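Student: Below is a structure I'd like to ask you about.
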Amino acid sequence: MSTLRYAESHEWLSLDGEIATVGISVFAQDQLGDVVYVELPKPGTPVTKGNGVAVVESVKAASEIYAPVSGTIIEVNQAIVDNPALVNDDPLGAGWFFKMTPTTPSEIAALLDETDYVALTDGAH
C-alpha cells in the first residue's frame, strides 16, 4: 500500500518524520505531457496550502504546482531544473519537486489516500 497522500490539485506528499517530500502525480504528468522547464521555490520560503509554489512548463502548457499543505520549503530538487525529463520519467521518485516541514498536521490528514485519488482521477477522463 502506498504511503503517498494526494491533493486534489494532483500533487503528492510523502511524509518521513517531520519532512514532507512533494511532487506531481503520474496523472498530472500525463496531462502535462513532456515537461521541458521547472521553476522551484527557494529554500526557506514559507508556503500556504493551495498557493502556487513552483512552475512547470511542458510542450502543452505552463502550470503551477501548489503546496499540498502549509509549511516551509527546506530543500529543492535541483536535478529536475537541470534535467526536467526526470519529472516525465519518474514523477513519484527522482522527479520530486521540493521538501518541506509541514506546520499543520490536520492538513496532511485531509489529503486523499491512493484509493480516493484514483477514484478522483478515473472520473476526470
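Student: About its Cα centre, how strong a charge dipole does segment 5-103 have in debye, to the nearest 20, once Lys and Arg get +1 and Asp and Glu get -1 at the Cβ? List each step's numbers first, then the result.
Tutor: Values: 5 positive and 13 negative charges, 57 e Å.
Computed charge dipole of segment 5-103: roughly 280 debye.
Student: Check each of the trypsin sites (Lys or Arg not before Pro) in segment 21-125 and keep only those in coil by DSSP with at most 16 other C-beta atoms within 10 angstrom; list them in order.
Tutor: Details: sites: 49, 60, 99; in loops: 49, 60.
Filter output for segment 21-125: 60.
Student: Continuing with the same structure: Quick query: amide H of residue 65 versus all other amide H atoms, modeled in the peptide plane; which residues come in under 5 Å with a sequence gap of 5 or more or a different chain?
Tutor: It is 53, 54, 55, 56, by chain and number.
Student: Show which lysines lie in cross-link reach of residue 60 when reach means a straight Cα distance below 20 angstrom and same-chain residues fewer than eight apart are skipped.
Tutor: Here the lysines satisfying the reach criterion relative to residue 60 do not exist.
Student: Using alpha-carbon pairs under 8 Å, 6+ residues apart, how would you state the relative contact order of segment 5-103 in percent? Let's see the in-between values first.
Tutor: Numbers: 234 pairs, mean separation 31.8, N = 99.
So the answer I get is 32 percent.
Student: Still on this structure, please answer the following. Could you name the aspartates and glutamates whose alpha carbon sits less than 14 Å from that of residue 49, not counting residues in the same chain fewer than 8 places away?
Tutor: 8, 11, 64, 107
Student: ³J(HN,Hα) across segment 117-122 via Karplus (A = 6.51, B = -1.76, C = 1.60, θ = phi - 60°), whole Hz, x for Gly/Pro?
Tutor: After applying 6.51 cos²θ - 1.76 cosθ + 1.60, I find 5, 4, 4, 5, 7, 4 Hz.
Student: Could you please report the charge total around residue 88, scoring K, R as +1 and D, E as -1 over all other residues with beta-carbon less than 13 angstrom from its beta-carbon? Provide the component values of the computation, followed by the final result.
Tutor: On the way: positive: 60; negative: 30, 34, 57, 89, 90.
Net charge in that neighbourhood comes out at -4.
All of the numbers you see were taken from the coordinates with simple rules; none came from a lab. No experiment lies behind these values; they were computed from the predicted model shown. Because the Cβ atoms are built from the backbone with ideal geometry, glycine has one as well, and the counts that use them run over all protein chains shown.
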